[in-house]
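**Student:** Mind looking over this structure? Questions follow.
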Amino acid sequence: MTDFNAMTEALVSCDAGKLTDLVNDAVAAGVPAGEILNKGLIAGMDIVGEKMENGDMFIPEVLMAAQAMGSCVEILKPLLGDDGGASGASVIIGTVKGDLHDIGKNLVAMMMESAGLTVHNLGVDISPESFVEEIKAKNAKIVCLSALLTTTMPAMKQTVDAIVEAGLRDQVKIMVGGAPVTQAFADEIGADGFAPDAGSASKMAKSLTV
Amino acid sequence: MASTEQKLKDLDRASMKIIETIGVKLHHAGILDIARSCGIRVEDGKVFFTEAQLKEWISYAPSTFTLYARNPEHDMEIGGDRTVHASSNSGFPFIADLAGTRRPALFSDYVNFVKLVQETPFFHINGGVMVTPEDLPNDEALYPRMLYTTLLLSDKCLFGGMGGRIESEMTMALLMAAFDTDKEGLAAKPRIANLVSTLSPLQYDEKMLDTLQVFAEHGQPVIISPAVMAGSTGPVTMAGTIALSNAESLVGVALSQMIRKGTPAIYGSATSGTDMRTGAFTIGSPESALAVKYCARLAKMYGLPCRGGGTLNDAKNVSVQAGIESTMVQMAANLEKINFNFHSAGSLDTYGAMSYEKYVVDLDILGRIRFYMDDISTDEDSLALGPIAEVGPGGQYLTHMHTAMNCRTAAFISDISLQGALKNGMDADTALTKKMTDKVEKMLAAYRQPELSSRTIAKLDACLAKFDVDVAALKEKLDA
């Protein structure tokens with residue numbers, strides 16, 4: 001009988017070594033990889049997410065847990081189906097044109113990956129055209145736009161407009177975030193969602209793909 | 001525990017190692033060429049200074065300089081042990097009300113803050129981007145519109161905008177029109193200071209380097225401003241983060257001198273911590289105060305003028321949190337003799353919003369700290385041995401002439417604090433709020449527009465029109 005609780009506990013305590021052992025043991029015992037992923041790892045990251053929201057886990061600890069999960073997903077990948085184990089939709093995320101800030105955006109990407117989404121992190125200073133190309137190339141269902149500067153917020157609208165012009169608006173949900181961004185701004189530029197922090201961004205992305 | 005002097009040496013040693021062996025990435029081919037031509041090692045877009053090179057280049061920056069105002073009464077001497085203050089000025093897109101509810105900032109808010117700064121004796125510098133007005137076009141001329149407005153409404157020194165080459169060149173053109181001078185004339189009498197922010201860790205982006213280049217070419221002061229966040233864009237330990245911030249700031253100062261030797265350059269720091277629970281920048285923290293302390297100490301060790309905050313805080317509204325945090329960081333700045341004390345009034349929420357009420361509360365904080373810094377006098381009148389003898393044991397001083405003669409100057413008089421009994425029927429929150437709003441209204445009512453010749457206004461109009469700005473529409477908005 002596989003002890004999924006032990007896996008979630010190892011994940012929550014950021015014990016990568018123990019988690020890896022437990023996952024390897026489960027695989028050796030013939031537990032289906034998808035079951036390990038969902039009942040052990042993603043369930044553990046859900047607890048991590050809650051603890052982060054409550055202030056019980058600090059960001060660096062959450063990231064260590066995410067890394068531990070990532071290394072275990074690598075073990076499971078060959079055993080999973082064609083989708084490589086990702087149980088969620090394809091997400092592309094990037095900082096908009098003219099803006100080079102990426103810490104918050106990277107945090108959001110990591111949280112989304114930990115939530116089981118397939119995240120393609122495009123980096124910083126991404127033009128509207130590049131976002132459009134990547135939506136097509138990655139068959140994205142969610143596009144996340146980040147900006148830290150008030151001067152680069154207009155590039156978010158330009159990106160939304162470019163997605164509309166490319167005829168891709170019905171294919172994707174668009175989320176926006178960054179220090180100066182608000183729900184009102186998200187509404188104004190025609191985005192589907194705004195999240196004030198990484199944890200809620202990850203939750204929102206999952207809810208938008210349901 | 002090592003002495004502060006030893007810690008400064010340790011930080012300097014660490015920063016020199018960073019500069020020599022790790023390098024600072026400059027996203028700007030032109031500035032890299034300038035560095036290369038000055039004999040600096042350039043590899044993979046990064047500059048690597050030897051300690052000797054770095055210290056030679058920063059030595060060309062003046063240790064003190066004057067920023068000139070239209071009204072000479074507001075000229076500012078920056079450096080040494082003097083502290084001059086400047087309002088909060090970070091492109092705030094929002095105005096927060098007393099409950100902390102945000103609304104988009106408007107051009108009318110910008111105008112109000114320019115008027116408030118003009119009316120604030122603590123401040124001799126005005127303008128900049130105290131708020132980013134939602135109702136002005138967000139284009140290259142956004143800041144030039146604000147600079148034009150400031151030139152019309154204020155006769156104090158000037159603060160720069162968001163930066164970038166086009167905006168900075170427009171800025172210089174407006175200043176040459178306003179002061180009827182040319183590039184060298186501007187350099188001889190600097191009129192405007194601007195921030196050059198780093199992209200931590202250890203990078204400068206193209207826009208900021210363009211700003212540095214245009215300002216330095218015109219001899220206008222640049223304020224090199226790393227805002228390293230301990231734990232996210234810098235090491236979680238403050239010593240490492242300060243060493244990183246120091247390295248970034250020194251390289252910026254050196255670059256300013258390579259562009260034009262003698263350019264006034266202020267060694268700055270907006271460095272602070274990160275809240276490890278949320279990842280948020282924390283500027284109202286004790287770490288922020290420590291960063292201010294070491295900014296001042298290091299700059300003075302290098303013989304450079306320094307910039308540091310401020311009534312910094314992470315509070316969402318005018319609250320106990322805002323008071324605690326703002327006072328602590330501001331007190332550190334005054335005690336450490338920060339030269340250019342930036343963000344001294346008005347901001348809330350980690351550079352997120354401006355607040356009218358916070359602005360006047362912060363003036364009160366500045367006032368009480370100045371009172372403390374001015375210290376007591378021990379002259380004969382202050383020692384008051386005469387009155388003490390006359391009153392003798394068991395008497396009282398309220399009715400003594402010495403008290404009547406000195407009662408308006410001997411103690412700090414707060415415009416904000418509730419002192420004495422509350423008036424009948426008024427609760428404490430209402431009474432305190434009323435003091436804040438009354439003060440804002442009083443200052444705005446007292447504002448008088450300084451004179452500016454019609455010839456100068458016409459030149460400014462023509463200059464702004466060249467940038468495709470609808471001057472008539474802007475004036476209409478201003479009059480409204």
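The values are calculated or read from the model by the stated rules, or taken from the named source; none is laboratory data. Everything quoted here is computed from the prediction, not taken from an experiment. Don't worry about glycine lacking a Cβ; one is built from the backbone with ideal geometry, like all the others, and counts go over all protein chains shown. Accessible surface is based on the protein model in full, side chains and every heavy atom, while ligands, DNA and RNA are left aside. Shrake-Rupley method; radii C 1.70, N 1.55, O 1.52, S 1.80 Å.
**Student:** Quick one: B:Lys477 ticks every box in (1) open to solvent by 70 Å² or more (accessible area, probe 1.4 Å); (2) over 30 Å from B:Leu136 (Cα atoms) bar one, so which box is it?
**Tutor:** It is condition (2) that B:Lys477 fails.
**Student:** Let me ask you something else. Just wondering, is there one or more residues in the range B:257-280 that are touching a strand residue (DSSP E or B) at 6+ places or on another chain (Cβ under 6 Å), in a helix (DSSP H, G or I) and modelled with pLDDT of 95 or more?
**Tutor:** No: the range B:257-280 contains no residue that is touching a strand residue (DSSP E or B) at 6+ places or on another chain (Cβ under 6 Å), in a helix (DSSP H, G or I) and modelled with pLDDT of 95 or more.
**Student:** Test each condition in (1) farther than 30 Å from B:Pro201 by Cα; (2) in contact with a Lys or Arg (Cβ under 8 Å, 6 or more places away or on another chain) for A:Gly49 and report the one that comes out false.
**Tutor:** Evaluating A:Gly49 over (1) farther than 30 Å from B:Pro201 by Cα; (2) in contact with a Lys or Arg (Cβ under 8 Å, 6 or more places away or on another chain) leaves (1) as the failure.
**Student:** Further question on the same structure: From B:Ser197, B:Ser232, which residue is under 22 Å from the mean Cα position of the chain (by Cα), small (Gly, Ala, Ser) and over 16 Å from B:Tyr302 (Cβ atoms)?
**Tutor:** The match here is B:Ser197.
**Student:** Here's a check for you: in the range A:110-152, which residue that is within 14 Å of chain B (Cβ to nearest Cβ) and within 19 Å of A:Gly44 (Cβ to Cβ) is least open to solvent (accessible area, probe 1.4 Å)?
**Tutor:** Selected residue: A:Met111.
**Student:** What number of residues in the range B:371-400 are open to solvent by 100 Å² or more (accessible area, probe 1.4 Å) and part of a loop (DSSP other than H, G, I, E, B)?
**Tutor:** 5
**Student:** Shifting gears a bit: Which residue is farthest from B:Asn194 (Cα to Cα), if the candidates are limited to the range B:31-76 and must be under 30 Å from the mean Cα position of the chain (by Cα) and of a type in the set (S, T, N, Q)?
**Tutor:** By that ranking, first place goes to B:Gln53.
**Student:** Here's something else I'd like to know. Can you name the residue in the range A:177-198 that is open to solvent by less than 20 Å² (accessible area, probe 1.4 Å) and within 14 Å of chain B (Cβ to nearest Cβ) and, of all such residues, is farthest from A:Ile142 (Cα to Cα)?
**Tutor:** For the range A:177-198, the residue satisfying everything is A:Pro180.
**Student:** Assuming A:Ala155 fulfils every condition listed in (1) within 14 Å of another protein chain (Cβ to nearest Cβ); (2) more than 23 Å from B:Asn138 (Cα to Cα) apart from one, which condition is it?
**Tutor:** Unmet condition: (2).
**Student:** Considering only the range B:357-370, state which residues are open to solvent by 20 Å² or more (accessible area, probe 1.4 Å) and farther than 17 Å from B:Glu119 by Cα.
**Tutor:** Passing the criteria: B:Arg368, B:Arg370.
**Student:** Does A:Ser90 fit the bill of being more than 30 Å from B:Asp210 (Cα to Cα) and touching a residue at least 60 places away in the same chain (Cβ under 8 Å)?
**Tutor:** In short, no.
**Student:** Among residues belonging to the range B:96-110 that are assigned to a loop (DSSP other than H, G, I, E, B) and under 20 Å from B:Met146 (Cα atoms), point out the one that is nearest to the chain's Cα centre (by Cα).
**Tutor:** B:Ala105
**Student:** Mind listing whichever residues of the range B:203-220 are more than 13 Å from chain A (Cβ to nearest Cβ) and not small (Gly, Ala, Ser)?
**Tutor:** B:Leu212, B:Gln213, B:Val214, B:Phe215, B:Glu217, B:His218, B:Gln220
**Student:** Cβ contacts < 9 Å: first residue over 19 Å from B:Phe412 (Cα atoms), restricted to the range B:372-397; second residue at pLDDT below 95 and surrounded by 10 or more Cβ atoms within 10 Å (Cβ to Cβ), any location; separation 6+ or different chain. Result?
**Tutor:** As it stands, the answer is none, since no pair meets every condition given.
**Student:** What are the residues in the range B:270-317 that are buried (at least 19 other Cβ atoms within 10 Å of the Cβ) and among the acidic types (Asp, Glu), if any?
**Tutor:** B:Glu287, B:Asp314, listed by residue number.
**Student:** So which residues in the range B:252-311 are within 14 Å of chain A (Cβ to nearest Cβ) and not small (Gly, Ala, Ser)?
**Tutor:** B:Thr274, B:Asp275, B:Met276, B:Arg277, B:Thr278, B:Phe281, B:Thr282, B:Ile283
**Student:** Same structure, new question: Considering every residue within the range B:215-238, establish whether at least one is touching a Phe, Trp or Tyr at 6+ places or on another chain (Cβ under 7 Å) and open to solvent by 10 Å² or more (accessible area, probe 1.4 Å).
**Tutor:** Checked against the condition, which is being touching a Phe, Trp or Tyr at 6+ places or on another chain (Cβ under 7 Å) and open to solvent by 10 Å² or more (accessible area, probe 1.4 Å), the range B:215-238 yields at least one hit.
**Student:** Is one or more of the residues making up the range B:347-356 open to solvent by 20 Å² or more (accessible area, probe 1.4 Å) and either assigned to a helix (DSSP H, G or I) or free of Cβ contacts under 8 Å to residues at least 60 places away in the same chain (or both)?
**Tutor:** Yes: the range B:347-356 contains one or more residues that are open to solvent by 20 Å² or more (accessible area, probe 1.4 Å) and either assigned to a helix (DSSP H, G or I) or free of Cβ contacts under 8 Å to residues at least 60 places away in the same chain (or both).
**Student:** When the range B:318-331 is examined, which residues are found to be open to solvent by less than 20 Å² (accessible area, probe 1.4 Å) and of a type in the set (A, V, I, L, M, F, W, C)?
**Tutor:** B:Ala322, B:Val329
**Student:** If you don't mind, another one. Here are some residues: B:Thr433, B:Thr456, B:Thr403, B:Thr437. Which one is polar (S, T, N, Q), closer than 30 Å to B:Ala173 by Cα, at pLDDT 95 or above and surrounded by 13 or more Cβ atoms within 10 Å (Cβ to Cβ)?
**Tutor:** It is B:Thr456.
**Student:** Quick one: would you say A:Lys97 is surrounded by 24 or more Cβ atoms within 10 Å (Cβ to Cβ) and within 14 Å of another protein chain (Cβ to nearest Cβ)?
**Tutor:** no
**Student:** For B:Tyr110, work out the one condition from (1) within 27 Å of B:Val196 (Cβ to Cβ); (2) open to solvent by less than 10 Å² (accessible area, probe 1.4 Å); (3) touching a Ser or Thr at 6+ places or on another chain (Cβ under 8 Å); (4) touching a residue at least 60 places away in the same chain (Cβ under 8 Å) it doesn't fulfil.
**Tutor:** (4)
**Student:** Continuing with this model, one more query. If the requirement is being under 28 Å from B:Gly252 (Cβ atoms), of a type in the set (D, E, K, R), in the same structural domain as B:Leu255 (by TED's automatic domain parsing) and open to solvent by 40 Å² or more (accessible area, probe 1.4 Å), which of these qualifies: B:Glu184, B:Glu134, B:Glu119?
**Tutor:** The unique qualifying residue is B:Glu184.
**Student:** So which of B:Asn126, B:Asn194 ends up being touching a strand residue (DSSP E or B) at 6+ places or on another chain (Cβ under 8 Å), open to solvent by less than 10 Å² (accessible area, probe 1.4 Å) and under 28 Å from B:Ile19 (Cβ atoms)?
**Tutor:** B:Asn194
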